[in-house]
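Asker: I am attaching a structure below and will ask some questions about it afterwards.
The values are calculated or read from the model by the stated rules, or taken from the named source; none is laboratory data. Every value quoted in this text rests on a predicted model; they were computed, and no experiment measured them. Using ideal geometry, Cβ is built from the backbone for each residue, glycine included, and neighbour counts are taken over all protein chains shown.
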Amino acid sequence: MKSIIKVENLSYIYQEGMPFEKHALHNVDLEIEEGDFAALIGHTGSGKSTLIQHFNALVKPTSGKIYIYGVDITSTKADLKQIRRMVGLVFQYPEHQLFEETVYKDIAFGPMNIGFSESEVKDRVYEAIRLVGIGEDKLEKSPFELSGGQKRRVAIAGVLAMKPRVLILDEPTAGLDPAGRDDILSSIRALHEAEKDMTVIFVSHSMEDVAKIAKSVIVMNDGRVFAHGSVAEVFSRGRELSKIGLNVPQITQLVLRLRELGVPLSEDIYTVDAAVEAVKAIIRGDRHA
C-alpha cells in the first residue's frame, strides 16, 4: 500500500515567542496508508487535534513537512482549496455547524459554493446520504428536527458531498447517548467498507470504540507519536499505555489479568467476541487461544 499522508519532522508551537508559548507537536514522523481506517488516541493535550488540523492545512507547522498524495501542503505554492477538497475534516460536535432550512440544502452547501451544476449537486447529495444511511424522506426536513445521531450523520454527509479522499472525524461520538454512539460507529464502519479507497482517521477517547472499528491505531503522547500499528499490536502494550494515562479496553485488561493467573489466552484479544471465541477454544481443549 502507498502512503496517502506523510509527515516529516513536524513541530508546532502555539504563541511562539510569547510568554505562554506551548510546544504542541515535537518532531512528528508519521505515514498513513491509503485506505486505512486509523484511530488517533491520546490523553487531553497530547497533540491529537493539532495534528489533524495540519492535515488539511488549517494550521501551518512551525517546522517540518506534510505530504498528501505526494503534494507538499506546507509549500507556499500549495492550493489550499484543492487540499481541503481532498481532505475533509468533521469537527467535534459538527451538528453545531448546521444552519440551512433543510437537510438537503445543508448537505448541498459545499458543492453549490464550488459552482457545480444543479444536477451534479443533487447526485452528490444523494450519494452522501446513501453512504451515511440517511433516508430520502429526511431531505426536506429541518436538520434541527432530527436526533443527535441523525444530525451528526447530516454533518458528515455535508463533508462527503465534497468527495474527499481522506475523511477525518474529531471525536465523532462525543456527547451522544449509547444508542447514538452505536449508530454513528455503525455508519462510519459501513462508510469505510463501501468506500474502500477512502482513508478514514478518527480521534477518540474510547478504547472500546477503537477496538470495535479501527484497523490501526496512532497513539500521541506529549506531542509525539508514542505508538503506531495494528489494533492488536498497540493494545498488547496495555501496561505502557496505562503509564501515559490511557487504558486498553476492559476486556483486554481482563484477558491480561487472566494470563497472569495462568490462563492460556493470547495477549492480542481486544473485543468481547474475540474473548468468547478464545474461551470456547480453551474449553474445546485447544492448547493456546
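Asker: Name the single residue that is modelled with the lowest pLDDT among those in the range 197-251 being polar (S, T, N, Q) and within 18 Å of the chain's Cα centre (by Cα). Working first, answer last.
Answerer: The first filter runs over the range 197-251 and keeps only residues polar (S, T, N, Q), leaving 199, 204, 206, 216, 221, 230, 236, 242, 247, 250.
Narrowing the set further to residues that are within 18 Å of the chain's Cα centre (by Cα) leaves 199, 204, 206, 216, 221, 230.
Details: Thr199: 94, Ser204: 91, Ser206: 85, Ser216: 95, Asn221: 95, Ser230: 93.
In this case the residue turns out to be Ser206.
Asker: Among residues belonging to the range 104-115 that are closer than 30 Å to Asp36 by Cβ and in contact with a helix residue (DSSP H, G or I) (Cβ under 7 Å, 6 or more places away or on another chain), point out the one that is surrounded by the most Cβ atoms within 10 Å (Cβ to Cβ). Reasoning before the result, please.
Answerer: If we filter the range 104-115 for residues that are closer than 30 Å to Asp36 by Cβ, which is where we start, we get 106-111, 113-114.
Now restrict to residues that are in contact with a helix residue (DSSP H, G or I) (Cβ under 7 Å, 6 or more places away or on another chain): 106-111.
Values: Asp106: 23, Ile107: 31, Ala108: 23, Phe109: 17, Gly110: 21, Pro111: 22.
So, considering only residues that are closer than 30 Å to Asp36 by Cβ and in contact with a helix residue (DSSP H, G or I) (Cβ under 7 Å, 6 or more places away or on another chain), the one surrounded by the most Cβ atoms within 10 Å (Cβ to Cβ) is Ile107.
Asker: Would it be correct to say that Asp183 is crowded, with 19+ Cβ neighbours inside 10 Å, over 28 Å from Lys212 (Cα atoms) and either of a type in the set (Asp, Glu) or in contact (Cβ under 8 Å) with a residue 60 or more places away in the chain (or both)? Step through it out loud before you land on a result.
Answerer: Values: crowded, with 19+ Cβ neighbours inside 10 Å: yes; over 28 Å from Lys212 (Cα atoms): no; either of a type in the set (Asp, Glu) or in contact (Cβ under 8 Å) with a residue 60 or more places away in the chain (or both): yes.
Considered against the rule, which asks whether it is crowded, with 19+ Cβ neighbours inside 10 Å, over 28 Å from Lys212 (Cα atoms) and either of a type in the set (Asp, Glu) or in contact (Cβ under 8 Å) with a residue 60 or more places away in the chain (or both), Asp183 comes out as no.
Asker: Moving on to the next point. Would you pick out the residues in the range 57-84 that are basic (Lys, Arg), surrounded by fewer than 17 Cβ atoms within 10 Å (Cβ to Cβ) and not in a loop (DSSP other than H, G, I, E, B)?
Answerer: Initial filter on the range 57-84 (basic (Lys, Arg)): 60, 65, 77, 81, 84.
Cutting the leftovers down to surrounded by fewer than 17 Cβ atoms within 10 Å (Cβ to Cβ) gives us 60, 65, 77, 81.
Those that are basic (Lys, Arg), surrounded by fewer than 17 Cβ atoms within 10 Å (Cβ to Cβ) and not in a loop (DSSP other than H, G, I, E, B): Lys65, Lys81.
Asker: For the range 116-138, which residues satisfy the criterion of being out of contact with any helix residue (DSSP H, G or I) (no Cβ under 8 Å at 6 or more places or on another chain) and in a loop (DSSP other than H, G, I, E, B)?
Answerer: Ser117, the sole residue that qualifies.
Asker: Are there any pairs with C-beta distances below 6 angstrom linking a residue in the range 153-176 that is among the acidic types (Asp, Glu) to a residue that is modelled with pLDDT under 90, with the two at least 6 apart or on different chains, and if so which?
Answerer: Asp170/Phe91; Asp170/Gln92; Glu171/Gln92
Asker: Given the conditions (1) in contact (Cβ under 8 Å) with a residue 40 or more places away in the chain; (2) in a strand (DSSP E or B), which single one is not true for Leu51?
Answerer: (2)
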